[in-house]
Amino acid sequence: FAFGQNDETMQFRKITKDAGDLQLLEWAGGDKPSVLAAVTSRGTIQLWDANTKQKTSSWRVPAGITALVWSGPVLTLAGNKGLMRQCDTRMDPRQLMKVRPKGGDRDKHWAPVRSLAFNQDGKKLLSGDDSGMVYIWDTRTWGKQNFGDTALHYQKRIQHPAAVRVSLIISLYTG
């Protein structure tokens, strides 16, 4: 893959064959705009610093990561079995915190998750999968949250007729 800045390629970096094929890339943004997460087909997660062009961290998770998103220093990963986990990148890679929804299989997607988005304060996560199911999660409890307002019937999911494979944008407002 290549690091780019202002539409200019800075340098190519090769992921070794033992790590697997490159599957996903995601810029951290926020207070770490030069950090890039790379995910491979074998479950290797690598963090790269675009300024120094160096790999800063690497660890493995089960293969099959299908979506990822940053919220501050926390990288949330979702997989082809519908599970999500969070990795706090401030921790030593050998001790990375992996959090799953507290309800276990009851509170997971039943299809591969393809899209993730956090609200501005990182307390809500929107997830969408191949079956068209969309959920809002409270990341403090990993409980599914209701959609709707007082005038509408509350529900814990939205079902779309097709797979949710594009970027989700979350705009939760209070008031």
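The values are calculated or read from the model by the stated rules, or taken from the named source; none is laboratory data. On a predicted model such as this, the values are computed, not experimentally measured, just so you know. Positions of Cβ are backbone-derived with ideal geometry, glycine not excepted, and every protein chain shown enters the neighbour counts. Note: accessible area is taken over every heavy atom of the protein model, side chains too, but ligands, DNA and RNA are not part of it. Shrake-Rupley method; radii C 1.70, N 1.55, O 1.52, S 1.80 Å.
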Sort out which residues of region 76-88 are assigned to a strand (DSSP E or B) and free of Cβ contacts under 8 Å to residues at least 40 places away in the same chain, and write them in order of number.
Leu77, Gly79, Arg85, Asp88
Within region 16-45, which residues are more than 19 Å from Thr89 (Cα to Cα) and either open to solvent by 50 Å² or more (accessible area, probe 1.4 Å) or in contact (Cβ under 8 Å) with a residue 40 or more places away in the chain (or both)?
Thr16, Lys17, Asp18, Gly20, Asp21, Leu22, Gln23, Arg42
Considering only region 87-108, state which residues are at pLDDT 85 or above and in contact with a Ser or Thr (Cβ under 9 Å, 6 or more places away or on another chain).
Cys87, Thr89
In the set Trp59, Trp48, Trp70, which member is assigned to a strand (DSSP E or B), surrounded by 19 or more Cβ atoms within 10 Å (Cβ to Cβ) and more than 13 Å from the chain's Cα centre (by Cα)?
Trp48
Determine which single condition Ser115 fails, assuming it passes every other condition in (1) among the hydroxyl-bearing types (Ser, Thr, Tyr); (2) at pLDDT 90 or above; (3) open to solvent by 40 Å² or more (accessible area, probe 1.4 Å).
(3)
Are any of the residues in region 139-146 out of contact with any Lys or Arg (no Cβ under 7 Å at 6 or more places or on another chain), open to solvent by less than 30 Å² (accessible area, probe 1.4 Å), at pLDDT 80 or above and under 29 Å from Leu25 (Cβ atoms)?
no
With criteria (1) open to solvent by 20 Å² or more (accessible area, probe 1.4 Å); (2) of a type outside the set (A, V, I, L, M); (3) modelled with pLDDT of 90 or more, Arg13 comes up short on (3)
